[in-house]
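Inspection log for the structure reproduced underneath, given as structure tokens.
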Amino acid sequence: MAAPLHVCILCTQHSPDDGRVTHKLGAMLAHAGFPVTWVGPGAPGSVRVPGIEFHPFASFGRGRWSRLLLWRKLERTCLAIPGIEKTAVFLAVEPDSAEVAIRLGRRFGARAIFDIHEIYHGEMLQYWVPAWLQPLASRVVLARLRSICRRADLVMGPGTTRIDPYRAVARRTLVVRHSLGLSAMQGNEARPLPDGTPMVRIMHGKAAPSRGTETLLRGAARAAELLDGRTVFKVVCFEGPGGAEAARNRPFRAFIEREKLLPLVDLRAQVPFSEMMPILATCDIGAIAYGRDFGVRSLPNRIFEYMAVGLPVIVPDYAAELRPILSRFQCGVEADMEDEESIAMAIIRLVTDRAAARAMGRRGREASLLELNMEQEIAPLIAWIGGRTEAST
């Protein structure tokens, strides 16, 4: 009997505890019987996942530009791992780690997968270059990404908006949405919006201007005002980059104090992925609050996590990948997430018709159990890695 094919996940920016890379892709590949090695920046022993062998290395610091140098350290770390030459597939989750995957694949006769889950030539550029330089930078980045996709054996992504720019040059493409595994759903089911309970918890996620935090809070405050105080809202947010004190005491703290929104905010420190699902199950509504800069082409992991626990959701009405999910499964409502009045109306719709909102949550959970789960999503990838299919699109 042939030995199982070894998969090596390569990262330059994702941590060992990353929900999508480690706890979804990595864990599912290991569960399918592939020995999995994870290589990237992180602390030794910080995460343990059955079937995954971690080889973390120290990064050069938190600076954005320091990440550009990590590919060399990633490659050296890989080459020092005993038996790395037996790897069958190198799976990279950033452009620079994809270059390493392609180099190692050629060296050892392995295949390279580029999991492209960000729009690097679009929204992500605002973090790297000034606005006046972004059009030129976009063309340069897109050309580089197409070069990587042309050389990779498989290009995968969580939605069509991620893959479409590369279909013409990629050998093979595959959509793998970042849904949740069935085991993570067990024991984590919300009971949202019970009748007669004034407290409503809205799960938002990481607090940041790019995630629409401020407008969502204003919308929740407006909903409370329109409901004449009959409902008490808490918007659950998690600290942004830089630690809990940075998130609590700097721009975000200044904003919520200036706007007198502090009673509305339940601000928490970041938690490991393994602790997130029980927290979601204590909430009543799940909100995706991206503005148009990020929201038009976004397909956040959180939508699947909200649905998995049974939360009715609020999503941007301009989100190309999210609207079809709501239309098909009837699991939430839409709003203009740049307009606090529209957000308030969406919240009020769910709060004032709680039976309908709970039915939305149930439909989302049923969809997750039957279809939108990682077991279903990853099956074509497992088949491709195992050599049972030559073409996945």
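Considering only DSSP states other than H, G, I, E and B, which trypsin sites (Lys or Arg not before Pro) in the stretch 286-393 qualify as loop sites with at most 13 other Cβ atoms within 10 Å? Sites meeting the loop and neighbour criteria: Arg388. Past the 16 angstrom mark, what percentage of all C-alpha to C-alpha distances in the stretch 68-117 do you count? Percent of Cα pairs beyond 16 Å in the stretch 68-117: 33. About its Cα centre, the dipole of the chain is roughly 1060 debye, where the only charges are +1 on Lys and Arg Cβ and -1 on Asp and Glu Cβ. Excluding same-chain neighbours fewer than eight residues apart, the lysines reachable from Lys234 by a Cα-Cα span under 20 Å are Lys206, Lys260.
Entry note, the chain: the mean residue ellipticity at 222 nm calculated from DSSP H runs of n ≥ 4, each adding -39500 (n - 2.57), is -11000 deg cm²/dmol after division by the residues and rounding to the nearest 500. Within the listed set Leu180, Leu29, Leu264, the residue fluctuating most in the Gaussian network model of the chain (springs between alpha-carbon atoms under 10 angstrom) is Leu264. Near the amide H of Phe238, within less than 5 Å, lie the amide hydrogens of Gly205, Lys206, Ala207, Arg268, all on another chain or at least 5 residues away, with H placed in the peptide plane. From the alpha carbon centroid of the stretch 307-380 to that of the stretch 158-193 is 15 Å. Lys/Arg Cβ at +1, Asp/Glu Cβ at -1, dipole of the stretch 282-366 taken about the Cα centre: which of Ser298, Ile343, Ser327 is farthest positive-ward? The residue sitting farthest along the positive end of the dipole is Ser327. Heavy-atom surface analysis with a 1.4 Å probe gives the chain a carbon and sulfur content of 53 percent of its accessible area. Spread over its residues, the convex hull of the C-alpha atoms of the chain is 139 Å³ per residue. What the Cα convex hull of the stretch 92-143 gives, in volume per residue, is 70 Å³.
For the stretch 260-359, what is the convex hull (Cα atoms) projected area averaged across all directions, in square nanometres? Orientation-averaged projected area of the Cα hull: 7.0 nm². Residue farthest toward the positive end of the dipole of the chain, with Cβ of Lys/Arg at +1 and Asp/Glu at -1: which of Val89, Leu180, Pro41? Most positive-ward Cα: Val89.
Roughly speaking, what % of Cα-Cα pairs in the stretch 95-191 are separated by over 24 Å, rounded to a whole number? Counting every Cα pair in the stretch 95-191, those more than 24 Å apart make up 35 percent. Each residue of the stretch 285-300 is assigned a 3J(HN,Hα), and the resulting list reads 9, x, 10, 9, 10, 4, x, 5, 4, 10, x, 5, 10, 7, 9, x Hz, derived from the Karplus form 6.51 cos²θ - 1.76 cosθ + 1.60 (θ = phi - 60°), x at Gly and Pro.
Per-residue SASA remark: Thr197, around 50 Å² accessible (1.4 Å probe; ligands, DNA and RNA not included). If you fit an axis through the alpha-carbon atoms of helix 354-370 and take the longest principal axis of the Cα set of the chain, what angle between them do you get, 0 to 90°, nearest 10? That works out to roughly 10 degrees. Placing pseudo-labels 7 Å out from each Cα toward the beta carbon at Arg268 and Arg107 gives an inter-label distance of 4.2 nm. Here the Karplus relation 6.51 cos²θ - 1.76 cosθ + 1.60, evaluated at θ = phi - 60°, turns the backbone of the stretch 251-261 into coupling constants of x, 5, 4, 4, 5, 5, 6, 4, 8, 6, 10 Hz, with x for every Gly and Pro.
Database remark: amide H of His6 closer than 5 angstrom to the amide H of Ala88, Val89 (H placed geometrically; neighbours at sequence offset of 5 or more, or on other chains; Pro and chain starts carry no H). Here the stretch 316-374 is treated as a Stokes sphere of Kirkwood radius computed over C-alpha pairs; at 37 °C and 0.692 mPa s its diffusion coefficient rounds to 270 µm²/s.
Put simply, the amide H of Leu180, placed in the peptide plane, has neighbours under 5 Å in Met374, leaving out anything fewer than 5 places away on its chain. With springs connecting C-alpha atoms under 10 Å apart, model the chain as a Gaussian network and identify which of Gln376, Gln330, Gln126 has the largest mean-square fluctuation. In the Gaussian network model the winner is Gln126.
For the stretch 330-345, the Karplus equation 6.51 cos²θ - 1.76 cosθ + 1.60, evaluated at θ = phi - 60°, returns couplings of 6, 10, x, 10, 10, 7, 7, 7, 9, 10, 4, 5, 5, 4, 4, 5 Hz by residue, with Gly and Pro reported as x. Against the compact-protein benchmark of 2.2 N^0.38 Å, the Cα-based radius of gyration of the stretch 145-206 scales to 1.85.
The values are calculated or read from the model by the stated rules, or taken from the named source; none is laboratory data. Model, not experiment: these values are computed from the prediction. Please note: Cβ atoms are built from the backbone with ideal geometry, for glycine as well, and neighbour counts cover all protein chains shown. In case anyone asks, the SASA skips ligands and DNA or RNA and just uses the protein heavy atoms, side chains included. Shrake-Rupley method; radii C 1.70, N 1.55, O 1.52, S 1.80 Å.
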